[in-house]
Amino acid sequence: MKRKFIAVVMTMTMVMALSACGKGAETQEPVAEATVEEAVEAATEEASASEAAEATTEESTKEADGEFSIGTVEGNAYVNEYFGVKLNLLDGYSFVDDETLAQITGMTTDMLSDNKLATKAIEEGTATIVAYAQNSTGLCNINVTAQSNATLANAILDEEAVLNASVSQAQSALEAQGISNITTEIVEREVAGETHKVLKMNGDFNGVEFHNEMVNLQKGDYMLAFAATCFNEDSTDALIDALEKLN
């Protein structure tokens, strides 16, 4: 069961990554790319500022957004100052260590502990699970995935559009993992002190209940997705509710 659990977690991570880069919205992707490419070409033709001025503008934007961070695990909490959020674990949950996280993600412990290395991998297109916590049975988990949001598709897709684009892919991917009777719903609710869209998925695995809840936060060129998954019980609402806004 735990192997199946890990497989489902990785499946949902991959689905979110594909959706965020626009591959989940087949009917919209060609139009999105053409529209953005035309805009880029027009902007390039009209540009009169020097390369130095452009570099200054880019640096100013980065300073305004702050430096991206994959976040840190501090005791029983995950903290990300770039996104301004903190995930407090429920009682009975704990974060896995870096070695276990590296086994789950396929990344090295050095990369996971070095923000610059992790950021480089993310900017090159790798969706990375940066924190993973589970309860004592291993049947409920919440994971945090960071990835680059700087793609042609995401130039026009907000967090709701990313979730909408992920629904059909997520359902197909879960069915391939043996999850059946899948239902999906996108709801609006308060997460970390703000209103966000949340994707809720429920199903069945050989008679065992399956529940998943996902929300993605976007800032600048990056996205941070929180996904709670449970078998045999549904604590997904409570896990997502444990997100709070940093002061």
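Values in this text are rule-based calculations from the coordinates and carry no lab data. Everything numeric in this text was worked out from a predicted model, so none of it was measured. As a convention, Cβ positions derive from the backbone with ideal geometry for all residues, glycine included, and neighbour counts pool all protein chains shown.
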Karplus-derived HN-Hα couplings along the range 177-190 (A = 6.51, B = -1.76, C = 1.60, θ = phi - 60°), whole Hz, x at Gly and Pro = 8, x, 7, 10, 6, 7, 10, 10, 7, 10, 10, 9, 8, 7
If amide H atoms are built 1.01 Å from N in the plane of the peptide, which residues on other chains or at least 5 residues away come under 5 Å of the amide H of VAL130?
-> VAL144, THR145, ALA146
Length released on extending from ALA238 to GLU123, taking residue separation times 0.36 nm less the Cα-Cα span | 38.3 nm
Using θ = phi - 60° and Karplus 6.51 cos²θ - 1.76 cosθ + 1.60, couplings along the range 236-244 (whole Hz; Gly, Pro as x) = 5, 4, 5, 5, 6, 5, 6, 6, 9
Given the pairs LYS219/LYS245; LYS120/LYS200; LYS197/LYS245; LYS197/LYS219, which are separated by over 19 angstrom at their Cα positions?
-> LYS120/LYS200
Highest mean packing first, using Cβ neighbours within 10 angstrom, the peptides 179-192, 136-149 sort as 136-149, 179-192
Separation in nanometres of the label points that stand 7 Å from Cα toward Cβ, at LEU90 and ASN206 = 2.4 nm
Using a simple spin-label model with points 7 Å from Cα along the Cα→Cβ vector, what separation in nm is obtained for GLU74 and THR195?
-> 3.0 nm
The set of residues whose placed amide H lies less than 5 Å from the amide H of VAL85, leaving out same-chain residues fewer than 5 positions away, is ASN80, LEU246
Per-residue HN-Hα couplings for the range 199-211, Karplus 6.51 cos²θ - 1.76 cosθ + 1.60 at θ = phi - 60°, whole Hz, x for Gly and Pro?
-> 8, 10, 10, 10, x, 9, 10, 6, x, 9, 5, 10, 9
Separation of the GLU81 and ASN247 label points, Cα + 7 Å toward Cβ, nm | 1.6 nm
